[in-house]
1. Roughly what would the spin-label model give for A36 and S20, points 7 Å off Cα along C-beta, in nm?
2. With labels modelled as points extended 7 Å from the Cα through the Cβ direction, what inter-label distance (nm, one decimal) is found for I141 paired with K77?
3. Taking Cα pairs under 8 Å and at least six residues apart, what relative contact order does the stretch 2-160 come out at, in percent?
4. Compute the long axis of helix 140-160 from its Cα atoms, compare it with the longest principal axis of the Cα atoms of the chain, and write down the angle in degrees, 0 to 90, nearest 10.
5. Any chance you could give the angle, 0 to 90 degrees and rounded to 10, that helix 2-17 forms with the longest Cα principal axis of the chain?
6. How many percent of DSSP beta bridges within the chain run antiparallel, rounded to 5?
7. What does the chain give for Rg and for Dmax, in Å, if only its C-alpha atoms count?
8. Just to be sure I follow the rule: in the chain, considering lysines 8 or more places apart or on different chains, how many pairs have Cα atoms under 17 Å apart?
Amino acid sequence: MALRFFCILVFISFQLTAQSPRLLKKATKLIEKTYAVDDLQLVFKEFQTKSVVGNFYKIFDSDQLLGFAFIGTAPSKTDTFEYLVVFDQSLIIKKVNVLVYREDYGGEIGSSRWLKQFVGKARSTELAVGKNIAAISGATISVYSMTNAVNQLLNEINNFVQI
């Protein structure tokens, strides 16, 4: 079990440092749509803590800070998936999106209807499946994984961003 977790962690770390240009392009389009701007700049800052590994970006329109974005990887049943979390300037979630999902089952977590549950959640919010996050039959592992990933991000972001 520990070896499997270690292998997944190494795989996730490798994937994030070698993030594909297509993944970043897809994320950029979603961020532009979220902020309704055509020409934004993403300023990269590596984000790695004990429980969260990913790429963190400050989002600018000209010289104005619009917010922040995080692209991370989370485990699914036998593989991983990439996700995007977009924050406003106060680090309140504006949008969550599943960028790439590789499993045959559990892809329902990518539906905008389910992902809307995360919008408006702040750093002090504790997310829990069955309390403030709905479960999805047939996607249990992915639901818990996505919820845990966003929850850990919200917990760790306090130590990372100075507002």
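1. 3.2
2. The modelled label-to-label distance comes out at 0.6 nm.
3. Values: 257 pairs, mean separation 25.3, N = 159.
Relative contact order, the stretch 2-160: 16 percent.
4. So the inclination is approximately 40 degrees.
5. The answer is roughly 30 degrees.
6. Details: 32 of 33 bridges.
About 95 percent, rounded to the nearest 5.
7. Cα radius of gyration and Dmax of the chain are 15.1, 48 Å respectively.
8. Here the count comes out as 23.
Throughout, read-outs are computed from the coordinates displayed, never taken from laboratory work. Nothing here was measured: the structure is a model prediction, and the numbers come from that model. Glycine also receives a Cβ, built like all others from the backbone with ideal geometry; neighbour counts cover every protein chain displayed.
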